[in-house]
Amino acid sequence: MFFFFNNKFEKGKIYEVISVHHPALADAIGRRFIVTTVNSHGRSAWAHDAKPVRYRENRNGVRVTEYDPRCCSSLYWIDHVREVNPAVAEELLAHMGRSWN
């Protein structure tokens, strides 16, 4: 168990999964996500993957969105995650090319 000073999610911050409640979800360990909505008690939050939006050209030559991580949210609990180091988070956001706050 990890102990945090705040022990609550904050909207717009990047977190990383450090444990899961079932072995079938072991592939989620290490996954990074951005919090979009914090539930009222602060111990759980809805978030999406910290990945950039992917685009492609369709057959008419128009640029279209292939994958937008903001369209798929998951529920996370504070007991299973840790906050990503601010320096790493800034690097990740710079790689993604946008601000999520």
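Observations on the structure shown:
- Some residue of region 50-60 being part of a strand (DSSP E or B) and touching a Leu at 6+ places or on another chain (Cβ under 9 Å): no
- Filtered residues of region 15-49 (kept if assigned to a loop (DSSP other than H, G, I, E, B), surrounded by 12 or more Cβ atoms within 10 Å (Cβ to Cβ) and free of Cβ contacts under 8 Å to residues at least 40 places away in the same chain): I29, R31, N39, G42, R43
- Entry remark, region 2-14: residues being of a type outside the set (K, R), modelled with pLDDT of 85 or more and part of a loop (DSSP other than H, G, I, E, B) number 3 in total.
- Meets criteria (modelled with pLDDT of 90 or more, open to solvent by 100 Å² or more (accessible area, probe 1.4 Å) and either of a type in the set (A, V, I, L, M) or under 12 Å from the mean Cα position of the chain (by Cα) (or both)) for W77: no
- Taken together, P69, P52, P86 contain a single residue that is open to solvent by 40 Å² or more (accessible area, probe 1.4 Å), of a type outside the set (S, T, N, Q) and either at pLDDT 90 or above or in contact with a helix residue (DSSP H, G or I) (Cβ under 7 Å, 6 or more places away or on another chain) (or both), which is P52.
The values are calculated or read from the model by the stated rules, or taken from the named source; none is laboratory data. Remember, it's a predicted structure, so these values are computed and weren't measured experimentally. Cβ atoms come from the backbone with ideal geometry, glycine included; neighbour counts cover every protein chain shown. To get the accessible areas, we keep the full protein, side chains included, count just its heavy atoms, and leave off ligands, DNA and RNA. Shrake-Rupley method; radii C 1.70, N 1.55, O 1.52, S 1.80 Å.
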